[in-house]
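Report on the structure given below.
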Amino acid sequence: MIFQGDLAPVGNSISLATSVDCRLESQLGPHQYWLDSGTSALALALLDAKSHFPDVDKPRAIIPGYCCPDLIAACVYAGVEAVAIDISPNDPAYDLEALRLHLDANVIAIIAVNFLGIGERLQELRTLISDLNLRTRLIEDNAQWFPSSVSEMEFSSDYVSFSFGRGKPMSLLGGGLLCAKAPIAIGASEHVQNRVPSPRLLGLKITAYNLLLAPQLYQLLNRNPWLSLGVTRYVPLEKIEHFDVYRRALLDENFTLHCARDNTVAQRYDSVVLNNGVQQLAANCTVRQRQLLRYPLLCRDDISRNKLLQQLSKAGLGASPMYASAIDWIEGVDGKLVVPDALTNARDFAARFMTLPVHHGVTEKYMSRILSLLSSA
């Protein structure tokens, strides 16, 4: 494997080409808030949502039972209690019946996660809120997906957040965006601080990042037992800052590169795992799927998942367990989360789930090795 190197689970090269133009600013609607991270974008949405519920003493926000702990970090920063609700069987979307049981006037927001490019059932969530005659805001969290055409930039949620962090669909090694239906309240916007990063330092970081995506160099990181790459843990959000000018100059070219990507690699995986029964994701996940950040693979049981994951990882083929557990078992979340009911489906999902790489580094030689292992699974 030394000659072949290891594939990163996620990540495309970042262009350093700059432009004064930014098509996104003219295409994403009138109320845009460009910030330092996707977590900051979520926190700002929650702060604004909370401002519309001055009568609620203990505001709550609903999050999925299988998700990134950054959602909790945003809630903690905003002074909102995070409540984890179970997901559906074989599906990262909410269990709607479980969700209905815990929606009341204290719930100021539901965070609807676009999971790796598999969208939430937004219309069903809006209908549920309406049926219960609630004022609950809907926050669409698109940290793991980014639109690649103007037709995908029409949103109906109260807030829509994006991330430009490391390993995101359109990475700039940092940055976030919040699009809102209406202007953010003054009290919420006052949380946003100025930011003055060094363009030279950021350029060097991006250059280093691009180099480390090469399999032979990534292998040095991936096989280092001291680094613990990919471990998911809670990291608190300490402040919200503005998006910096240098990253803005990088947006246009990197958006062009993002739009040029497709789901060809994912379709190659589909051709094998659907035919041999390895893929156990619910059928309606395919209907909600757009451009994927990683290929989602839900195995039949934890034993087959662990065996396949071990084989792919040993061969350096970019497989990852994603989040290793339901959200309440993630390191660092103790005392920061309410779990009203057992996250049964989320635990089952975590035990059987893994991802495969779909980025530009998955060349034909890597693809043939991955497909061979999937075929024998």
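The values are calculated or read from the model by the stated rules, or taken from the named source; none is laboratory data. Remember, it's a predicted structure, so these values are computed and weren't measured experimentally. Cβ coordinates were reconstructed from backbone atoms using ideal geometry, including for glycine residues, and neighbour counts include every protein chain displayed.
Checked against (1) surrounded by 23 or more Cβ atoms within 10 Å (Cβ to Cβ); (2) more than 27 Å from Ala185 (Cβ to Cβ), Ala98 passes all but condition (1).
Considering the range 116-129, the residues that are touching a Lys or Arg at 6+ places or on another chain (Cβ under 9 Å) and either outside any helix (DSSP H, G or I) or polar (S, T, N, Q) (or both) include one that is surrounded by the most Cβ atoms within 10 Å (Cβ to Cβ), namely Ile118.
If you check Asp36, Asp70 for being crowded, with 17+ Cβ neighbours inside 10 Å, acidic (Asp, Glu), at pLDDT 95 or above and closer than 20 Å to Ala249 by Cβ, only one passes: Asp36.
Taking Ile139, is it closer than 14 Å to Thr39 by Cα and either assigned to a helix (DSSP H, G or I) or out of contact with any Phe, Trp or Tyr (no Cβ under 9 Å at 6 or more places or on another chain) (or both)? Criteria not met by Ile139.
Looking at Gly176, Gly167, just one residue is surrounded by fewer than 23 Cβ atoms within 10 Å (Cβ to Cβ) and under 14 Å from the mean Cα position of the chain (by Cα), and that residue is Gly167.
One residue stands out in the range 233-268 among those that are assigned to a helix (DSSP H, G or I) and of a type in the set (A, V, I, L, M): the one that is surrounded by the fewest Cβ atoms within 10 Å (Cβ to Cβ), namely Val245.
Scanning the range 154-173 for residues that are touching a strand residue (DSSP E or B) at 6+ places or on another chain (Cβ under 9 Å), farther than 28 Å from Ala105 by Cα and not basic (Lys, Arg) returns Ser163, Phe164, Gly165, Pro169, Met170, Ser171. Kindly indicate whether Arg294 is under 27 Å from Val83 (Cα atoms) and among the basic types (Lys, Arg). Yes; evaluated as a whole, the condition is true for this residue. Within the range 173-193, the set of residues being part of a loop (DSSP other than H, G, I, E, B) and either touching a residue at least 60 places away in the same chain (Cβ under 8 Å) or in contact with a His (Cβ under 6 Å, 6 or more places away or on another chain) (or both) comprises Leu173, Gly174, Gly175, Lys181, Ala182, Pro183, Ile184, Ala185, His191. Would you say Leu16 is more than 16 Å from the chain's Cα centre (by Cα), in contact (Cβ under 8 Å) with a residue 40 or more places away in the chain, under 30 Å from Leu201 (Cβ atoms) and surrounded by 17 or more Cβ atoms within 10 Å (Cβ to Cβ)? Judged against the criteria, Leu16 is not a match.
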